[in-house]
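Structure first, then comments.
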Amino acid sequence: MPQHSSDNSQASARRGTCIACGAATKGPFGPCQACGTYTDVALVLSGPNLSLKTTITHYLRRVLRMPAIESGYLPSPFNTDGNLDASKRSTRRQYLTSISTFFAKLRLGFIVDAAFHSRKVRSDFYRILLQANPNIFILLLYVHCDDPEVRNYRRTKRNSQVLNTEKGAISREEEELSLRRYEIPDHETLPNNTPIPTIDVDTARMLVSWQSAQPSLLDDGHIASRVIVSVREALHTGFS
Ligand SMILES: [Zn+2]
C-alpha cells in the first residue's frame, strides 16, 4: 500500500490479521472473517456544518460496528456569547487527537466525525495517525451540501430538536462562518505525498463518488468499497 511510510516487516506480517481474534481479514483492510472487526483503518469525515456528517457517522458506526469519535460530544469550542474561542478550539482538538491516537495505536478500526475545516488541520491529523500506526489505512469522506434551501431546512429541523449533542442551536451566522472557513479537499496527500483516498458525499443531490485513482481499493472486501455501499444505503434510507 503506497501510504505505508515504514517497511516494518513485523507490522507487514501482522497485516491481514484481526486485532480482536487473530483470524484472517477479508483483504488487507477488510473485515475479520471470523468476528467482523476492522483492523488498521480510520474513516475521517470532514465537511461544514449541516452536511449530515453525524448522521452518516451513526449509520457507519452501526453497520460496520466500529467505534466513532464525535467532535460534537467533546467540549464546545464556543463561548456562551456564541463566539468561537481559539483556546477552547485548541482544547477540543487535543481531545480529538489523543482519543484518535489511542485507537490508532490499538490498531482497532474507527471513525472520526469532525469538521476539520482547514487543510492544515487535516494534514496534521493524518500525520499524527500515521505516527501512531504506520500501517493505518486512512479514508477521507468529504461530506457537503451546496444547496442553501436544504441547509436551511436542516438547520430549522436541528434547532427544533430538544436533545442536541453539540451546543444547542446553530445560527445562520455560524453556518455561514463554517462554510466560509471550510477548505474543500482537492487532491490532498498524506505526509509521504501519496494521494489520500477520498469519497465525495454530496448530501444535497444524494450522490456518492469515488475520488481516487486507485481502483484496486474498490475490490470486494476492501473497506473503501464497503464504505461507499454503506453511505449510499444511508442516503437512501430516508433521512433528510
Ligand atoms: Zn476477528
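Of all the numbered requirements in (1) under 11 Å from the mean Cα position of the chain (by Cα); (2) surrounded by fewer than 18 Cβ atoms within 10 Å (Cβ to Cβ), Ala68 misses one, and that requirement is (2). Answer yes or no as to whether Ser123 is of a type in the set (Ser, Thr, Tyr), touching a Leu at 6+ places or on another chain (Cβ under 9 Å) and either surrounded by fewer than 17 Cβ atoms within 10 Å (Cβ to Cβ) or in a loop (DSSP other than H, G, I, E, B) (or both). Judged against the criteria, Ser123 is a match.
Would segment 113-121 turn up any residue that is within 16 Å of the ligand (Cβ to nearest atom) and either under 15 Å from the mean Cα position of the chain (by Cα) or farther than 25 Å from Glu183 by Cα (or both)?
Within segment 113-121, the subset within 16 Å of the ligand (Cβ to nearest atom) is none.
No, every residue in segment 113-121 fails to be within 16 Å of the ligand (Cβ to nearest atom) and either under 15 Å from the mean Cα position of the chain (by Cα) or farther than 25 Å from Glu183 by Cα (or both).
For residues that are touching a Phe, Trp or Tyr at 6+ places or on another chain (Cβ under 8 Å) and either at pLDDT 95 or above or buried (at least 24 other Cβ atoms within 10 Å of the Cβ) (or both), tally how many sit in segment 40-51.
Final tally of qualifying residues: 7.
Kindly establish whether Tyr153 is in a helix (DSSP H, G or I), more than 15 Å from Asp40 (Cα to Cα) and touching a residue at least 60 places away in the same chain (Cβ under 8 Å).
Working: in a helix (DSSP H, G or I): yes; more than 15 Å from Asp40 (Cα to Cα): yes; touching a residue at least 60 places away in the same chain (Cβ under 8 Å): yes.
It is true that Tyr153 is in a helix (DSSP H, G or I), more than 15 Å from Asp40 (Cα to Cα) and touching a residue at least 60 places away in the same chain (Cβ under 8 Å).
Set side by side, the residues Ala132, Ala86, Ala115 differ, and just one is within 28 Å of Ala169 (Cβ to Cβ) and in contact with a Ser or Thr (Cβ under 7 Å, 6 or more places away or on another chain), which is Ala115. Taking each residue of segment 54-75 that is within 18 Å of Pro31 (Cβ to Cβ) and looking for partners that are of a type in the set (S, T, N, Q) with beta-carbon atoms closer than 9 Å, six or more apart or interchain, yields Tyr59/Ser230; Tyr59/Thr237; Leu60/Ser230; Val63/Ser230; Leu64/Ser230; Arg65/Thr37; Met66/Thr37; Ala68/Thr57.
Checked against (1) within 18 Å of Leu140 (Cβ to Cβ); (2) within 16 Å of the ligand (Cβ to nearest atom); (3) modelled with pLDDT under 95, Gly16 meets all criteria but (1).
Checked against (1) assigned to a loop (DSSP other than H, G, I, E, B); (2) away from the ligand (no atom under 16 Å from the Cβ); (3) at pLDDT 85 or above, Gly36 passes all but a single condition, namely (2).
The values are calculated or read from the model by the stated rules, or taken from the named source; none is laboratory data. Every value quoted in this text rests on a predicted model; they were computed, and no experiment measured them. As a convention, Cβ positions derive from the backbone with ideal geometry for all residues, glycine included, and neighbour counts pool all protein chains shown.
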